[in-house]
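First up is the structure itself, then whatever we jot down about it.
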Amino acid sequence: MRTSLAGVVRRLDAARAVVVSARPSEWVPDPGVETLLLPARDGERDKTLATVEALCAEFVRFGLTRSDVVVSCGGGTTTDVVGLAAALYHRGVAVIHLPTSLLAQVDAGVGGKTAVNLPAGKNLVGAYWQPSAVLCDTDYLSTLPARELRNGLGEIARCHFIGAPDLRGLTLAEQITASVSLKARVVERDERDTGVRHVLNYGHTLGHALERATGYALRHGEGVAIGTVFAGRLAGALGRIGPARVAEHLEVVRHYGLPARLPDGIGSEVLLRLMRHDKKAVDGLTFVLDGPRGAELVTGVPPATVRHVLDEMPRAPLTDLTGPTTPDTPAGTTTTTTTPDAPTDTTDTTQTQQGRQG
């Protein structure tokens, strides 16, 4: 990957690059062209329109044009913010993602969604902007603390219920490849999130609400894990799945060493209010739920049922949910240097260049 970035930049025929990195400068490969290196900070608190505006101002000062390229290097919030800045600047400039966290490699860096948060909710302002390439180097993962690895495992765990084979017991590199392949297939069918792509948000409705309710003390993957357990319980309460399948949600989440309880001190009414602001909502409370035909978007879920399921879920102190746990699955990194990402190396490049002509 460290040598392939320059190759991708050459293929794009870019004369300049702006690299926005939340990692040390030595982590960033040489793009092979005149480059401006800008620092970034991973984290939800910097995932704002103000950050996007500041980046675009730096693009102007550097003289970046529509024929140049922007490169992100960091975790999921960095790919989100930099991707949105690239989508908006000159109505679209090519972007390459170098995701350095497990969460970004399996989910955030892939698929073309870019967004920032508003006080009213997560990811409420954004655009679809496919990257020209996503270069996943699993060597980066060896530097991550255990909790950051676990953050990415939350997205891997939810794949179990949206069409992936059972990934438990596979190496981390195999889990990444399977997760990315699943997302690529879904995005190829529904890039704009109008249909089947909704399944990728499995566990996210409650997950996003929990992130906001805890002031982002609960990480995204941790929230998704709890949201996945909740989704199984809610599907069971609605008669969509049987008790064994409900229990399987808890088993899978626990297998990856992820939290499965709600945090103490956050009432069901607070979570209900936050979930009503979810961007998937089209008719009252809306969730992606398991069922006889697999995972699908379910609208108009009765608030009383949601409240009952929330009330029945076990709770624990927030510190217990964010503390160290040990996954049953091998979570150590491999020595594989590059995990190719589909479909961004070819399909997404075409989409990006088409977008730049508008």
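Side notes on the structure shown:
- Taking first residues from the range 106-120 that are within 15 Å of Ile96 (Cα to Cα) and partners that are at pLDDT below 90 and hydrophobic (A, V, I, L, M, F, W, C), the Cβ contacts under 9 Å between residues at least 6 apart in sequence or on separate chains come to Val110/Ala342.
- Considering (1) modelled with pLDDT of 95 or more; (2) farther than 24 Å from Asp193 by Cβ, the lone condition that Thr322 does not fulfil carries the number (1).
- Any hit, the range 241-255, residues being surrounded by fewer than 14 Cβ atoms within 10 Å (Cβ to Cβ), of a type outside the set (Gly, Ala, Ser), modelled with pLDDT of 95 or more and part of a loop (DSSP other than H, G, I, E, B): no
- Any hit, the range 20-28, residues being surrounded by 15 or more Cβ atoms within 10 Å (Cβ to Cβ) and farther than 29 Å from Tyr216 by Cα: no
- Selection within the range 263-320 - small (Gly, Ala, Ser) and either without any contact (Cβ under 8 Å) to a residue 24 or more places away in the chain or assigned to a strand (DSSP E or B) (or both): Gly267, Ala281, Gly284, Gly300, Ala304, Ala316
- Residue pairs whose Cβ atoms lie under 8 Å apart, sitting 6 or more positions apart in sequence or on different chains, and linking a residue in the range 234-246 that is farther than 14 Å from His308 by Cβ to a partner that is among the acidic types (Asp, Glu) and surrounded by 15 or more Cβ atoms within 10 Å (Cβ to Cβ), are Arg240/Asp290; Ile241/Asp290; Arg245/Asp290.
- Selection within the range 127-160 - surrounded by fewer than 18 Cβ atoms within 10 Å (Cβ to Cβ), of a type outside the set (Ser, Thr, Tyr) and not in a helix (DSSP H, G or I): Ala127, Pro145
- Tally of residues being surrounded by fewer than 23 Cβ atoms within 10 Å (Cβ to Cβ), touching a residue at least 12 places away in the same chain (Cβ under 8 Å) and part of a helix (DSSP H, G or I) across the range 163-178: 3
- Within the range 20-69, the set of residues being part of a helix (DSSP H, G or I), polar (S, T, N, Q) and in contact (Cβ under 8 Å) with a residue 60 or more places away in the chain comprises Thr51 only.
The values are calculated or read from the model by the stated rules, or taken from the named source; none is laboratory data. For clarity, every value in this text was computed on a predicted model and none was experimentally measured. Every residue, glycine as well, gets a Cβ built from its backbone with ideal geometry; the counts of neighbours run over all protein chains shown.
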